[in-house]
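Undergrad: Dumping the structure here so I can ask a few things about it.
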Amino acid sequence: MICTTFAFAVISIFTLASTAPLPIRPRSPAAQNTYITYRGDGSPAAGWPTRTQWLTFEEAWTASLPTIQNSCTALASGPNNDASETAAIKSSIAHEAASSLIPAEFILAILMQESSGCVRAPTTLWQHANPGLMQTAMGRASCNVDGEPVVPCPEETIARMIHEGTSTSSGLGTTLESCVKDAGAGVGTQDDGVWYRAARIYNGGHVEGGDLGVGPTPCYASDVANRLVRPFAQSGCEAAGLLVRSDGDEAPEDGGVELAPFDARVQRTIGV
């Protein structure tokens, strides 16, 4: 999608480009005690994780599962996913990864940042609609139609939501494949920084001044990097007070979606 950060009760728009991720509060005790706020251009030289440091898809899925299973009620968006809906998310991610060559764990990290895995995630609106699990810019697939959650969410709709956000063959302008290309490398690249630049582009449309901490949702790329190497419940990025939105305002206090367990008592910032 281009830019995401949901604030609920009413859909709040935090950006000029579109909308932003859905805030979910931690539901379980901390299992990982360090969130790293990353700054700079996304390169390993600036301290960002290499792909060899990422969790495997299975590890990332297991870490994300408690949040996925409780995500819809946390968003006040209908009942939580049932087992078949959650299984369809996993299988659809694996299918898209195999056909697009976008790593499954990266697709999952973006999905968690956008919707926390709620199949009935609401549609954010700005210049256009951003529906579904991936909050895809101008997407069509959704299990929340005109504010009415669809129960159950059909497997084919779940697959379509993930396809629209990932593959250029969906016919949409902003997909993970297109963002990786725009980030300056082909799919399958050995340039590890391309994934974090692609995350920034998926959120805000472009990389501003070489600093991935500048954009509509400032902590977006840093959050995605953390999701790829460790589970967390509440982003410690904004607490660092270092990141600003591209419009010059401070980041919203509740911006960003939270994932599995994280203890905000310990945080460090690198790349500054």
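Undergrad: Considering only the range 77-95, I want to know if a residue exists there that is out of contact with any Cys (no Cβ under 9 Å at 6 or more places or on another chain) and among the basic types (Lys, Arg).
TA: Yes, the range 77-95 contains at least one residue that is out of contact with any Cys (no Cβ under 9 Å at 6 or more places or on another chain) and among the basic types (Lys, Arg).
Undergrad: Being acidic (Asp, Glu) and within 21 Å of Gly205 (Cβ to Cβ) is true for just one of Glu156, Glu177, Glu148. Which residue is that? Steps first, answer last, please.
TA: Numbers: Glu156 fails: within 21 Å of Gly205 (Cβ to Cβ); Glu148 fails: within 21 Å of Gly205 (Cβ to Cβ).
The unique qualifying residue is Glu177.
Undergrad: Are any residues in the range 58-72 within 24 Å of Thr124 (Cβ to Cβ), among the β-branched types (Val, Ile, Thr) and modelled with pLDDT of 95 or more, and if so, which ones?
TA: The first filter runs over the range 58-72 and keeps only residues within 24 Å of Thr124 (Cβ to Cβ), leaving 64, 67-72.
Still in the running and among the β-branched types (Val, Ile, Thr): 67-68.
Scanning the range 58-72 gives a single hit, Ile68.
Undergrad: Now a separate question. I'm checking my understanding of the structure. Among residues of the range 174-204 that are assigned to a loop (DSSP other than H, G, I, E, B), buried (at least 21 other Cβ atoms within 10 Å of the Cβ) and not aliphatic (A, V, I, L, M), which one is modelled with the highest pLDDT?
TA: Residues of the range 174-204 assigned to a loop (DSSP other than H, G, I, E, B): 174-175, 183-192.
Narrowing the set further to residues that are buried (at least 21 other Cβ atoms within 10 Å of the Cβ) leaves 174-175, 183.
Subsequent filtering for residues that are not aliphatic (A, V, I, L, M) retains 174-175.
On the way: Thr174: 90, Thr175: 95.
Taking the candidates together, the pick is Thr175.
Undergrad: Taking the conditions exactly as written (crowded, with 23+ Cβ neighbours inside 10 Å, in contact with a strand residue (DSSP E or B) (Cβ under 9 Å, 6 or more places away or on another chain) and within 23 Å of Tyr196 (Cβ to Cβ)), does Thr136 satisfy them or not? So that I can check it myself, show each step before the final result.
TA: On the way: crowded, with 23+ Cβ neighbours inside 10 Å: yes; in contact with a strand residue (DSSP E or B) (Cβ under 9 Å, 6 or more places away or on another chain): yes; within 23 Å of Tyr196 (Cβ to Cβ): yes.
Considered against the rule, which asks whether it is crowded, with 23+ Cβ neighbours inside 10 Å, in contact with a strand residue (DSSP E or B) (Cβ under 9 Å, 6 or more places away or on another chain) and within 23 Å of Tyr196 (Cβ to Cβ), Thr136 comes out as yes.
Undergrad: Also: Surrounded by 19 or more Cβ atoms within 10 Å (Cβ to Cβ) and either hydrophobic (A, V, I, L, M, F, W, C) or at pLDDT 60 or above (or both): is that true of Val244 in this structure? First the steps, then the outcome.
TA: Working: surrounded by 19 or more Cβ atoms within 10 Å (Cβ to Cβ): no; either hydrophobic (A, V, I, L, M, F, W, C) or at pLDDT 60 or above (or both): yes.
No: the conditions fail for Val244.
Undergrad: Same structure again: Is it true that Glu85 is under 26 Å from Ala183 (Cα atoms) and at pLDDT 95 or above? I'd like the intermediate steps shown before the answer.
TA: On the way: under 26 Å from Ala183 (Cα atoms): no; at pLDDT 95 or above: yes.
For Glu85, the condition - under 26 Å from Ala183 (Cα atoms) and at pLDDT 95 or above - is not met.
Undergrad: A further question on this structure: Could you list, in sequence order, all residues of the range 87-102 that are assigned to a loop (DSSP other than H, G, I, E, B) and surrounded by 20 or more Cβ atoms within 10 Å (Cβ to Cβ)?
TA: Scanning the range 87-102 gives a single hit, Ile102.
Undergrad: Run Gln127 past the list (1) in a loop (DSSP other than H, G, I, E, B); (2) modelled with pLDDT of 95 or more; (3) not basic (Lys, Arg) and report the number of the one that doesn't hold.
TA: Result: Gln127 passes all but (2).
Undergrad: Would you point out which residue out of Met161, Met134 is out of contact with any Cys (no Cβ under 6 Å at 6 or more places or on another chain), in a helix (DSSP H, G or I) and within 26 Å of Thr67 (Cα to Cα)?
TA: Numbers: Met134 fails: in a helix (DSSP H, G or I).
Result of the check over Met161, Met134: Met161.
Undergrad: What residue, of Ala141, Ala121, is part of a loop (DSSP other than H, G, I, E, B), under 16 Å from Leu172 (Cα atoms) and over 11 Å from the mean Cα position of the chain (by Cα)?
TA: Values: Ala121 fails: under 16 Å from Leu172 (Cα atoms).
One residue alone meets the criteria, Ala141.
Undergrad: Quick one: in the range 208-235, which of the residues that are assigned to a loop (DSSP other than H, G, I, E, B), at pLDDT 90 or above and in contact with a helix residue (DSSP H, G or I) (Cβ under 6 Å, 6 or more places away or on another chain) is farthest from Met134 (Cα to Cα)?
TA: Of everything passing the filter in the range 208-235, Leu212 is farthest from Met134 (Cα to Cα).
Undergrad: On the basis of being farther than 17 Å from Met134 by Cα, over 18 Å from the mean Cα position of the chain (by Cα) and either at pLDDT below 95 or not charged (D, E, K, R) (or both), does Leu55 make the cut?
TA: no
Undergrad: Looking only at residues that are in contact with a Pro (Cβ under 8 Å, 6 or more places away or on another chain) and part of a loop (DSSP other than H, G, I, E, B) in the range 144-158, which one is surrounded by the fewest Cβ atoms within 10 Å (Cβ to Cβ)? First the steps, then the outcome.
TA: Residues of the range 144-158 that are in contact with a Pro (Cβ under 8 Å, 6 or more places away or on another chain), as a first pass: 144, 147, 149, 151.
Add one more test, that the residue is part of a loop (DSSP other than H, G, I, E, B), and what stays is 147, 151.
Values: Gly147: 9, Val151: 13.
Residue satisfying both the conditions and the ranking: Gly147.
Undergrad: Considering the range 12-52 alone, what residues qualify as being at pLDDT below 50, farther than 27 Å from Ala137 by Cα and of a type in the set (Gly, Ala, Ser)?
TA: Ser28, Ala30, Ala31 - these are the residues of the range 12-52 that are at pLDDT below 50, farther than 27 Å from Ala137 by Cα and of a type in the set (Gly, Ala, Ser).
The values are calculated or read from the model by the stated rules, or taken from the named source; none is laboratory data. Keep in mind it's a predicted model, so treat the numbers as computed, not measured. Backbone-built Cβ (ideal geometry, glycine too); neighbour counts: all protein chains shown.
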